[in-house]
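Asks: Here you go, one structure.
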Amino acid sequence: MSSEPLVLSTVTNKIARVVMNRPGAMNAMSRGMITELRQAVERALSDPEVSIIVLAGAGGNFCAGDDLKETEHQTAEEFLALILDLQRLTRLLLLGEKPSIAAMDGYAVGGGFELALACDFRVASTRARMGCVEARVGMVITGGTSVLLPHLLGQGMAREIILMADIFEATIAQHMGLLHRLVEPELLDAEVQAVADKLLSRAPLSLRESKRLLNRPLETELERAFQNEIEAIMRCFGTVDAHEATVAFREKRPPVFEGK
């Protein structure tokens with residue numbers, strides 16, 4: 001087992017850079033990584049030396065979603081604990097008073113895509129690939145995505161992304177309006193820094209109050225969505241199809257779903 005920390009966190013010039021650090025697994029969400037990620041964001045939000053949070057992934061990928069190898073062996077209680085932690089993380093990024101930037105490279109799918117939706121800004125490289133892929137693995141969206149994605153794109157496009165479960169390129173995401181900046185891979189860090197620097201040049205209290213105003217209409221709807229999503233995903237967790245998806249992933253073959 002690697003001795004590397006699951007999450008790397010540094011603070012430089014008012015910017016907290018929080019990096020998911022499971023590059024060998026494309027930063028897939030293990031239970032431990034989600035917990036450490038939540039704790040790192042909590043620290044950044046409470047640190048008076050931090051004004052901006054940048055969320056990124058190590059090794060050329062943002063986050064490939066749930067760790068299906070781990071999911072195969074989880075109890076329902078363990079899986080529920082992971083989902084609740086993911087929802088806490090969404091609350092921190094979206095409703096926390098400090099602006100957050102998702103630096104998206106490589107794969108940002110499933111839960112990784114949902115984390116990016118919770119950030120205030122999404123800056124991506126042209127090699128980024130995104131999508132809600134839960135329907136491919138017998139699961140459903142969580143992290144407030146049932147509210148956030150229609151809020152950002154409208155019901156029509158949200159249904160296309162969620163129900164078709166396709167993985168799409170960053171250029172398509174930009175056309176949809178999901179991205180704030182799209183750059184070549186070698187320029188990603190510099191572009192994220194430029195967005196952060198501009199935010200740092202603005203009045204901090206104004207940013208905080210503006211973010212509160214933008215979030216206020218979403219708060220009640222988001223909490224209702226969290227509960228609805230928990231109920232839906234727990235109905236899916238113990239199904240034949242969900243088990244088949246994890247086995248098919250391990251056996252490196254397409255899943256054969258039975259609808260039960």
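Just so it is clear, none of the values below were taken in a lab; they were calculated from the coordinates. Please read all numbers here as calculations on a predicted model, not as lab measurements. Please note: Cβ atoms are built from the backbone with ideal geometry, for glycine as well, and neighbour counts cover all protein chains shown.
Asks: Could you calculate the FRET efficiency of Met176 with Thr75 from 1/(1 + (r/R0)^6), where r is the beta carbon distance between them and R0 is 30 Å, rounded to 0.05? The partial results should precede the final answer.
Replies: Values: r = 37 Å, r/R0 = 1.24.
About 0.20, to the nearest 0.05.
Asks: What's the extension gain from Ala203 to Met234 if we count 0.36 nm per residue and subtract their Cα-Cα distance?
Replies: 6.9 nm
Asks: Work out how much length Gln39 to Glu251 would gain on full extension: take 0.36 nm times their residue separation and subtract the Cα-Cα distance, in nm to one decimal. Don't jump to the answer; show the numbers that get you there.
Replies: Values: separation 212, 0.36 × 212 = 76.32 nm, distance 3.37 nm.
Net length gain for the segment: 72.9 nm.
Asks: Can you compute the modelled spin-label distance between Arg212 and Leu152, with each label point 7 Å from Cα toward Cβ, in nm?
Replies: 2.5
Asks: By how many degrees, 0 to 90 and rounded to 10, does the Cα axis of helix 76-95 deviate from the longest principal axis of the chain?
Replies: Helix 76-95 sits roughly 20 degrees off the main axis of the chain.
Asks: State log₁₀ I(q)/I(0) for the stretch 48-100 at q = 0.26 Å⁻¹ as given by the Debye formula over alpha-carbon point scatterers of equal weight, solvent excluded.
Replies: Once normalised to I(0) and log-transformed, intensities are -1.07.
Asks: A follow-up question, please. Based on DSSP H runs of at least 4 residues, each adding -39500 (n - 2.57), what is the mean residue ellipticity at 222 nm of the chain after dividing by all its residues, to the nearest 500 deg cm²/dmol? Before the final figure, lay out each step's value.
Replies: On the way: 10 runs with 133 residues, N = 260.
Here the helix-only value at 222 nm equals -16500 deg cm²/dmol.
Asks: Let me ask you something else. Assigning unit charges at the beta carbon (Lys, Arg +1; Asp, Glu -1) and nothing else, what dipole magnitude in debye, to the nearest 20, does the stretch 1-160 show about its Cα centre? Can you show the working numbers first?
Replies: Details: 15 positive and 18 negative charges, 85 e Å.
Its charge dipole is roughly 400 debye.
Asks: Another question about this same structure. Computed on alpha carbon atoms, what radius of gyration and Dmax characterise the stretch 145-237, expressed in Å?
Replies: In order Rg, Dmax, the Cα atoms of the stretch 145-237 give 16.8, 47 Å.
Asks: Starting from the amide H of Arg122, placed 1.01 Å from N in the peptide plane, find each other amide H under 5 Å away whose residue is 5 or more places distant or on another chain.
Replies: Hits under the 5 Å cutoff: Ala102, His180, Arg181.
Asks: Let me ask something additional. Sorted from largest down, give the three principal axis spans of the alpha carbons of the stretch 148-200, whole angstrom values.
Replies: Extents along the principal axes, in whole Å: 36, 23, 14.
Asks: Compute the length gained on full extension between Thr220 and Asn13: take 0.36 nm times their separation in residues and subtract their Cα-Cα distance, giving the result in nm to one decimal.
Replies: Working: separation 207, 0.36 × 207 = 74.52 nm, distance 3.45 nm.
Result for the pair: 71.1 nm of gain on full extension.
Asks: Calculate the tail of P(r) for the stretch 84-221: the fraction of all Cα-Cα distances greater than 22 Å, expressed in %.
Replies: Details: 3562 of 9453 pairs.
Summing the P(r) tail past 22 Å for the stretch 84-221 gives 38 percent.
Asks: Please list, or write none, the aspartates and glutamates whose alpha carbon is within less than 14 Å of the alpha carbon of Lys211, excluding same-chain residues fewer than 8 places away.
Replies: Counting by Cα, and skipping residues close in sequence, Lys211 has these aspartates and glutamates nearby: Glu97, Asp120, Glu219.
Asks: Right, another one. Test of understanding: express the Cα radius of gyration of the stretch 1-153 as a ratio to 2.2 N^0.38 Å, with N the residue count.
Replies: The value comes to 0.97.
Asks: Additional query: Quick one: compute a quarter of the convex hull surface over the Cα atoms of the stretch 78-117 and quote it in nm².
Replies: Working: hull surface 12.4 nm².
Orientation-averaged projected area of the Cα hull: 3.1 nm².
Asks: Just to check, using Stokes-Einstein with a Kirkwood Rh over alpha carbon pairs, what's the diffusion coefficient of the stretch 126-177 at 25 °C and 0.890 mPa s in µm²/s? Provide the component values of the computation, followed by the final result.
Replies: Details: Rh = 11.3 Å.
Diffusion coefficient, whole number: 217 µm²/s.
Asks: Can you give the net charge of the other residues whose Cβ lies under 15 Å from the Cβ of Ser206, counting K and R as +1 and D and E as -1?
Replies: +3
Asks: Taking Cα centroids, how far is the stretch 156-219 from the stretch 71-148 in Å?
Replies: What the calculation gives is 14 Å, centre to centre.
Asks: Right, something else. Starting with the highest mean, order 234-243, 124-133 by the number of other Cβ atoms within 10 Å, averaged over the residues of each peptide. Kindly include the intermediate steps, with their values, before the conclusion.
Replies: Numbers: 234-243: 15.3, 124-133: 23.3.
Going from most to least packed, we get 124-133, 234-243.
Asks: What number, in nm² with one decimal, is the all-direction average of the projected area of the convex hull of the alpha-carbon atoms of the chain? Intermediate results must be reported in sequence, preceding the final value.
Replies: On the way: hull surface 53.7 nm².
With the hull built on Cα positions only, its mean projection is 13.4 nm².
Asks: Okay, moving on. For a quick protection proxy, order the peptides 198-210, 7-19 by their average other-Cβ count within 10 Å, most packed first.
Replies: On the way: 198-210: 12.4, 7-19: 17.5.
In descending order of packing, they fall as 7-19, 198-210.
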